[in-house]
Amino acid sequence: MRDETNEIKGKWEFDENVTKVFGDMLSRSIPNYETMRQLCFNLGKNFIKEGSTIVDMGCSNGLSVESFVKAFPGNYFYLLDVSEPMLEECRKRFKDYPLVFVWDNDLREGIPMDDIDLALSILTLQFTPIEYRQNILQDVYDKLNEGGAFIIVEKVLGNSAKIDDLFVKEYYNLKQENGYTQEQIANKRKSLEGVLVPLTSSFNEHLLHQVGFKYVDCFFRCLNFAGWIAIK
């Protein structure tokens, strides 16, 4: 379904209206979205073997992890989120996969499983309060198996206000080219204030090293979106 939201009242929520148009919203709002998703899969599949445990932190409607589930149906997938509309959509998507478990879980309270081979956080941590992020990342690191990987994609700030302004301007131009009006862009930006709080790419990398990851590298960057792979 096409995202035609003209007015967003109050703060942003992953409610039923957002859930209905989420796929279209992502494809029209994230630059090079399909490339990013494909890279996540291509890199992540190297860490999946028979009987692996894969965790998707902030699974939303299951779109980000779908390629993994279909390619590796014999493995264990734990999909975590706090939005009930998203969780319900995710359950529908994977109803024929008995090893996919969709759970209501707040990452601030910890990841409820150990021995993880691959953890995914695709545009998730940016929606958690900054003061919790290091603890969440520490929990990921502690619960990964040795040699396991963490793939994270985040919206980021430019390293200076001047460059960030350039990135944001170009990003909004891209959204207009994809059919969003200036009013829709402004309304969404206002609703996300204080809800989506990005960090610089360098600070994201600092946090990953801080919790123990020795091998960290950026595999995706387009304007104010970036993706990293970290290996334990």
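The values are calculated or read from the model by the stated rules, or taken from the named source; none is laboratory data. What you see is a predicted model; the values in this text were computed from it and never measured. Here the Cβ is made from the backbone with ideal geometry for all residues, glycine too, and neighbour counts use every protein chain on show. Ligands, DNA and RNA are excluded from the accessible area calculation, which covers all protein heavy atoms including side chains. Shrake-Rupley method; radii C 1.70, N 1.55, O 1.52, S 1.80 Å.
Tabulated values for the structure
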quantity: Largest to smallest accessible area among S27, S64, S191 [probe 1.4 Å]; calculated: S27, S64, S191
quantity: Inter-part distance where segment 151-181 and segment 74-122 are each reduced to a Cα centre, Å; calculated: 29 Å
quantity: Listed residues F203, F94 arranged by accessible area, highest first, probe 1.4 Å; calculated: F203, F94
quantity: Simple Cβ-charge dipole of the chain, Lys/Arg +1 and Asp/Glu -1, about Cα centre, in debye nearest 20; calculated: 520 debye
quantity: Residue-averaged 222 nm ellipticity for the chain, from DSSP H runs of 4+ at -39500 (n - 2.57), nearest 500; calculated: -12500 deg cm²/dmol
quantity: Scattering curve values for segment 81-194, log₁₀ I(q)/I(0), Debye with Cα scatterers, q = 0.15 Å⁻¹; calculated: -0.92
quantity: Length-normalised contact order of segment 156-232 in % [C-alpha pairs under 8 Å, at least 6 apart]; calculated: 35 percent
quantity: Largest-first ellipsoid semi-axes for the chain, taking √(5λ) over the Cα gyration tensor eigenvalues, angstrom; calculated: 27, 22, 16
quantity: Where the chain is the region considered: accessible area per residue in Å², 1.4 Å probe; calculated: 50 Å²
quantity: Extension reserve of the E146-T35 stretch, reckoned as 0.36 nm per residue once the Cα distance is removed; calculated: 37.2 nm
quantity: Nearest-10 value in Å² for the accessible area of D114, using the 1.4 Å probe; calculated: 100 Å²
quantity: Unit charges at the beta carbon, dipole of the chain: most positive-side option, N145, T35, S201; calculated: T35
quantity: With DNA, RNA and ligands ignored, accessible area of E13 (1.4 Å probe; Å², nearest 10); calculated: 120 Å²
quantity: Size of charge dipole - segment 9-59 - debye, nearest 20, with Cβ of Lys, Arg +1 and Asp, Glu -1, no other charges; calculated: 120 debye
quantity: Kyte-Doolittle at least -0.5, axis length at least 18 Å by Cα - qualifying DSSP helices, the chain; calculated: 16-29
